[in-house]
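These notes concern the structure reproduced below.
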Amino acid sequence: LQLDGLLMQNEDQSYMGMLFLLQDVTAYRRLENMRSEFVANVSHELKTPVAAVKGFAETLLGGGVTDEKTARSFLQIIYDESERLNRLISDILDLSKIESKRSPMDFAPVHVSSFFASMLETMRTVAQKKRITLHGDIPDELFLEADEDKLRQICINLLSNAVSYTQDGGRVEFIVRDKLDEEGNEKVTITVSDTGIGIPRKDLPRIFERFYRVDKARSRGSGGTGLGLSIVKHLVELHHGTISVESELSIGTSFTVELPLMQESEM
Ligand code: ADP
């Protein structure tokens, strides 16, 4: 609580009274804290790849590396870290646009089977590199009202995580269903499940937080920014949907997104 006092005087400067203002500033302070924590996190996340780029470039410029193989491996690190920086910056910009509502929704009917089929084709190349079987089960002749670009980002983020956190030779399933909920509203559920490393129970409530990673080393190794799921959650909410997760260590993880078939204002 914040207390402010103001002395009230009559026109002849004589004492009239005191005005006290007692304000609950908890919400404001919390927002301020979140903001400065976010800036601190962003700076930390950006510093790591910048330090790597600078360090390896300095070593190369110093001329101490004479054999070509080592020099090339240093250049590869510089390239990979620049790519990471790129991903980080674009994720941070996406998130800040979504959070400050500068990303208007462009709802239009999406033909479910052709949209998801083409998206799965894109992901197949990535999955094949790890010999992961990518299985899709998508209904025909269904239209979903959504912002196509944002829906694609939701699915690509979930599918890339499923592929990243699954060992070579594993399996990733992508299942789309339409159903009626208890109130009789038409819904579409999108389930992405994998046979990967799983998420410990204690971490499950936190994985949608910005920059939260179960295993920092593993996430960095797979090129992750720690922002993917946070972006997904926001985009799902912009579609008035929900997201849930179930996971078992060393068995696998399953994310389910539930979206209304039609957006309210358009019905
Ligand atoms: P990242 O860029 O690190 O993947 P995300 O926000 O996408 O960030 O995910 C947050 C964390 O949740 C990841 O670091 C990882 O530990 C965990 N995670 C996300 N998806 C999966 C999955 N399919 N299997 C296992 N762990 C996952």
Extension reserve of the residue 100-residue 8 stretch, reckoned as 0.36 nm per residue once the Cα distance is removed: 29.1 nm
Among 180, 120, 46, residue whose mean-square fluctuation peaks in a GNM of the chain (springs only between Cα atoms under 10 Å): 180
Probe 1.4 Å - accessible area at residue 20, Å² to nearest ten: 130
For the range 138-227: accessible area per residue (Å², 1.4 Å): 49
Helix runs (DSSP H) in the chain reaching 24 Å along axis by Cα, Kyte-Doolittle at least -1.0: 26-61, 68-99, 112-129
Portion, in percent, of the accessible area of the chain that falls on carbon or sulfur, probe 1.4 Å: 54
Cα-based shape type of the range 1-152, given that a ≥ b ≥ c are square roots of the gyration tensor eigenvalues and the cut on a/c is 1.5: oblate
At R0 = 51 Å, FRET efficiency that the Cβ-Cβ distance of residue 25 and residue 248 yields, to 0.05: 0.75
Reachable lysines, given that their alpha-carbon falls under 22 Å from the alpha-carbon of residue 129 and they are not under 8 places away in the same chain: none
Cα centroid separation, the range 70-95 to the range 122-171 (Å): 24
Whole-Å semi-axes of the ellipsoid equivalent to the chain (Cα gyration tensor, √5λ, descending): 41, 33, 17
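The values are calculated or read from the model by the stated rules, or taken from the named source; none is laboratory data. Bear in mind that the values here come from a model prediction, so they are computed numbers and not experimental data. No Cβ is skipped: glycine too gets one built from the backbone with ideal geometry, and neighbour counts run over all protein chains shown. The area values use the complete protein model at the heavy-atom level, side chains included, leaving out ligands, DNA and RNA. Shrake-Rupley method; radii C 1.70, N 1.55, O 1.52, S 1.80 Å.
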